[in-house]
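The values are calculated or read from the model by the stated rules, or taken from the named source; none is laboratory data. Everything quoted here is computed from the prediction, not taken from an experiment. Every residue, glycine as well, gets a Cβ built from its backbone with ideal geometry; the counts of neighbours run over all protein chains shown.
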């Protein structure tokens, strides 16, 4: 039932679980009869959608599954090192630069821990937590509310990315006024677009959006091709100050950047495996392991 509700499809749930569709349908029918209310509404060619009562039932089922999995991990870890599965979500544009030191440290310190990685935009990070798909999520604090706990890891100031052949790419900093006169390649992701546009609006300026993409890699490719600059706040993993086709220039004026960190559900007591993962990340923070992926103000 949980898999069918999460995927919105009995056929997809059958494929994921490697069981027949008829078995899942029969189980849902039996449960609905036992509960005396419909959990799902079936729509031909559109899959299934949870009813209001079904949404509450699914949340209870997910909570039970999480508690059961956490209990198993706690028992396995009694008297020994942390073991088991940790499911992590990571904001996709930060993942290539941010995750390698984290995964390396976890693998070395806790060889008994295995990782399931989920990627997506900031809205998806919240959904992963709320739907019980992730134990924790690496994301920005802007997308969270009182239902979440947040452990900050680093501030990520904004910078403008230019081709190395652009004279502006060799400045020590660049102002929003200067950027407003240049074509912009916009990273067009949920929440992100508004943040970048609001930067200019708050300064009484308008950004000149020439191209958009939902991929930070495509944005960097367009910048390298001379189609405009791009605003970002996480350096690409292969970025170097010397011999690079791109140059990252911090914004002038001390504009505060978003804070990147670890989000968890405030109402959930995490098992030993997840707590060990969190502690390892905080140790990396103390060692300044993430300094190389941000651009600091001049």
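How many residues are modelled with pLDDT of 95 or more and part of a helix (DSSP H, G or I) when one looks only at the range 169-199?
The qualifying residues number 5.
Among the residues that make up the range 94-110, is at least one of them touching a strand residue (DSSP E or B) at 6+ places or on another chain (Cβ under 8 Å), outside any helix (DSSP H, G or I) and either surrounded by fewer than 17 Cβ atoms within 10 Å (Cβ to Cβ) or assigned by TED's automatic domain parsing to the domain that holds residue 267 (or both)?
For the range 94-110, residues touching a strand residue (DSSP E or B) at 6+ places or on another chain (Cβ under 8 Å), outside any helix (DSSP H, G or I) and either surrounded by fewer than 17 Cβ atoms within 10 Å (Cβ to Cβ) or assigned by TED's automatic domain parsing to the domain that holds residue 267 (or both): present.
Quick grid of which residues meet (1) at pLDDT below 90; (2) assigned to a helix (DSSP H, G or I):
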{"site": "212", "(1), (2)": "no, no"}
{"site": "223", "(1), (2)": "no, yes"}
{"site": "227", "(1), (2)": "no, no"}
{"site": "248", "(1), (2)": "no, no"}
{"site": "267", "(1), (2)": "yes, no"}
{"site": "273", "(1), (2)": "yes, yes"}
{"site": "288", "(1), (2)": "no, no"}
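Would you tally the residues in the range 130-143 being surrounded by fewer than 20 Cβ atoms within 10 Å (Cβ to Cβ), touching a strand residue (DSSP E or B) at 6+ places or on another chain (Cβ under 7 Å) and assigned to a loop (DSSP other than H, G, I, E, B)?
Summing the residues that are surrounded by fewer than 20 Cβ atoms within 10 Å (Cβ to Cβ), touching a strand residue (DSSP E or B) at 6+ places or on another chain (Cβ under 7 Å) and assigned to a loop (DSSP other than H, G, I, E, B) in the range 130-143 gives 1.
Yes or no: residue 146 surrounded by fewer than 15 Cβ atoms within 10 Å (Cβ to Cβ), assigned by TED's automatic domain parsing to the domain that holds residue 262 and at pLDDT below 95? Let's see the steps before the verdict.
Values: surrounded by fewer than 15 Cβ atoms within 10 Å (Cβ to Cβ): yes; assigned by TED's automatic domain parsing to the domain that holds residue 262: yes; at pLDDT below 95: yes.
Judged against the criteria, residue 146 is a match.
If residue 256 passes every condition in (1) over 30 Å from residue 108 (Cα atoms); (2) modelled with pLDDT under 95; (3) buried (at least 16 other Cβ atoms within 10 Å of the Cβ) but one, which one does it miss?
The one condition residue 256 does not meet is (3).
Every residue in the range 1-11 that is assigned to a helix (DSSP H, G or I) and in contact with a helix residue (DSSP H, G or I) (Cβ under 7 Å, 6 or more places away or on another chain), please. Show your work before the answer.
Just the residues of the range 1-11 that are assigned to a helix (DSSP H, G or I), to begin with: 2-7, 10-11.
Passing the criteria: 2, 3, 4, 5, 7, 10, 11.
From the set of residues in the range 155-177 that are surrounded by fewer than 18 Cβ atoms within 10 Å (Cβ to Cβ) and closer than 26 Å to residue 260 by Cα, which is farthest from the chain's Cα centre (by Cα)?
So, considering only residues that are surrounded by fewer than 18 Cβ atoms within 10 Å (Cβ to Cβ) and closer than 26 Å to residue 260 by Cα, the one farthest from the chain's Cα centre (by Cα) is 172.
For the range 208-221, check the following and say yes or no: at least one residue is without any contact (Cβ under 8 Å) to a residue 60 or more places away in the chain, in contact with a helix residue (DSSP H, G or I) (Cβ under 7 Å, 6 or more places away or on another chain) and over 25 Å from residue 90 (Cβ atoms).
Yes, the conditions are met somewhere in the range 208-221.
I'm told residue 142 meets every condition in (1) closer than 30 Å to residue 279 by Cβ; (2) free of Cβ contacts under 8 Å to residues at least 60 places away in the same chain except one. Can you identify the failing condition by its number?
(2)
Among the residues of the range 111-124, are any part of a loop (DSSP other than H, G, I, E, B), in contact with a strand residue (DSSP E or B) (Cβ under 6 Å, 6 or more places away or on another chain) and within 30 Å of residue 4 (Cβ to Cβ)?
Pass one, the range 111-124, residues part of a loop (DSSP other than H, G, I, E, B): 111-112, 121.
If we keep only those that are in contact with a strand residue (DSSP E or B) (Cβ under 6 Å, 6 or more places away or on another chain) as well, we get none.
Among the residues of the range 111-124, not one is part of a loop (DSSP other than H, G, I, E, B), in contact with a strand residue (DSSP E or B) (Cβ under 6 Å, 6 or more places away or on another chain) and within 30 Å of residue 4 (Cβ to Cβ), which makes the answer no.
Looking at the range 12-33, can you tell me whether even one residue there is loosely packed, with under 12 Cβ neighbours inside 10 Å, within 31 Å of the chain's Cα centre (by Cα) and either without any contact (Cβ under 8 Å) to a residue 60 or more places away in the chain or in the same structural domain as residue 267 (by TED's automatic domain parsing) (or both)?
Looking for residues that are loosely packed, with under 12 Cβ neighbours inside 10 Å, within 31 Å of the chain's Cα centre (by Cα) and either without any contact (Cβ under 8 Å) to a residue 60 or more places away in the chain or in the same structural domain as residue 267 (by TED's automatic domain parsing) (or both), one finds at least one in the range 12-33, hence yes.
Working carefully through the options 14, 27, 73, find the one that is in a helix (DSSP H, G or I), in contact with a helix residue (DSSP H, G or I) (Cβ under 6 Å, 6 or more places away or on another chain) and at pLDDT 75 or above.
On the way: 27 fails: in contact with a helix residue (DSSP H, G or I) (Cβ under 6 Å, 6 or more places away or on another chain); 73 fails: at pLDDT 75 or above.
Answer to the check: 14.
Which condition number in (1) farther than 30 Å from residue 56 by Cα; (2) not in a loop (DSSP other than H, G, I, E, B) is the one that residue 127 fails?
Failing condition for residue 127: (1).
Just to be sure, is residue 277 surrounded by 15 or more Cβ atoms within 10 Å (Cβ to Cβ), over 25 Å from the mean Cα position of the chain (by Cα) and not in a strand (DSSP E or B)?
Working: surrounded by 15 or more Cβ atoms within 10 Å (Cβ to Cβ): yes; over 25 Å from the mean Cα position of the chain (by Cα): no; not in a strand (DSSP E or B): yes.
No, not satisfied.
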